[in-house]
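Let me begin by presenting the structure, written as structure tokens, before commenting on it.
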Amino acid sequence: MNRQLSGIVVPIFTQFNAQGEVDLEAMEAHLEALIRAGVDAIFVGGSAGEFIALDVEERERITERLMKATAGRAPFLVHVTAANLRDSLRLADHARSFGADALVAVSPWFWKHDDESLADFFGAIAKRAEDTPLYLYNMPHTGNDLKPELVQRLIREHDNIVGLKNSQDDMLRTLTYSTMPNTSFFTGSDTTALYALSHGADGIISGMINVVPEVFVALRRAVNAGDIAAALKCQKELHQYAQWFAGDIRRMKAGAEMAGYGSRRCREPLGTLSDTEYEKLRTILEKELQP
């Protein structure tokens, strides 16, 4: 199966209304803004989308609405991992039935799994996905690391497992993943994005794209054009933002709200940044990130 995806892939935030329900209209508006900013693909149900706080039906409604709104203007990826394999397979079936361009599966969490258990889990999803490309997602928070040897094994055993996203800042691991044959590799690290793109990564998948999509798009274009000065300028800006957001969804959603992209509301138990914290963050950003 060919490597088909590259570039800036945005794991779109899930928007919530004042009652804590999913706000699909707000998500559509954010989607349009991201497409106008030049992102290369849309990814729903990722960690930045607070999938852990959504039930299966909500995840399915989000997929249906945003895939329809995307209308083929950009590749559409759907994260399908749930707390159990049965729901994961259901989400995979649903995404495929609506024509998702690719599926994404993160390691199961809470319990510690050995490589055989992880291979069985991802293998079951890959078999269910049939000819739909499947990307693995290595997230340290799960407690179950996808070591390079396991990734290579899964790619050998399943033709439709075509690549992975890695959210670690480890440069050696980035280099190892990016040089794997027949593997599409995306970094989830904001602080080492330029390093990854310069060492063979196919693109970036980061929650912070929701906040400053134009910086990520400019970074990729600069790398493709061989404009080192412009690329370094973009990376420096991303590093500054990363100091204040640091993978904190509450802060990232607050930053997106400041930029005019949706609301900072998060679903409990994560909690939403208070007005006081919001204004403090705004002051810091205006001071630290001024041109």
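The values are calculated or read from the model by the stated rules, or taken from the named source; none is laboratory data. It should be emphasised that the depicted structure is a prediction, and the values quoted were computed from it without experimental measurement. Methodologically, a virtual Cβ is constructed for each residue, glycine included, from the backbone with ideal geometry; neighbour enumeration extends over all protein chains shown. Note: areas computed on protein heavy atoms with side chains; ligands, DNA, RNA excluded. Shrake-Rupley method; radii C 1.70, N 1.55, O 1.52, S 1.80 Å.
Brief remarks on what is shown
- Looking across 241, 195, one residue alone is in contact (Cβ under 8 Å) with a residue 40 or more places away in the chain and of a type in the set (Phe, Trp, Tyr). It is 241.
- Positions within the range 148-186 being more than 18 Å from the chain's Cα centre (by Cα) and assigned to a loop (DSSP other than H, G, I, E, B), in sequence order: 158, 159, 160, 179, 180, 181, 182
- Residue in the range 81-90 that is surrounded by 22 or more Cβ atoms within 10 Å (Cβ to Cβ) and closer than 28 Å to residue 178 by Cβ present: yes
- Pairs, first within 25 Å of residue 41 (Cα to Cα) in the range 102-127, second open to solvent by 30 Å² or more (accessible area, probe 1.4 Å) and among the small types (Gly, Ala, Ser), C-beta under 9 Å, six or more apart: 106/47; 107/143; 108/83; 108/117
Residue-by-condition table, conditions (1) open to solvent by 10 Å² or more (accessible area, probe 1.4 Å); (2) modelled with pLDDT under 95:
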position: 10; (1), (2): no, no
position: 24; (1), (2): yes, no
position: 28; (1), (2): yes, no
position: 32; (1), (2): yes, no
position: 39; (1), (2): yes, no
position: 48; (1), (2): no, yes
position: 58; (1), (2): yes, no
position: 65; (1), (2): yes, no
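- Residues that are β-branched (Val, Ile, Thr) and open to solvent by 60 Å² or more (accessible area, probe 1.4 Å) number at least 1 in the following helices (runs of 4 or more DSSP H) confined to the range 193-271: 228-245.
- Screening the range 272-290 for residues that are part of a helix (DSSP H, G or I) and β-branched (Val, Ile, Thr) and picking the one that is nearest to the chain's Cα centre (by Cα) gives 284.
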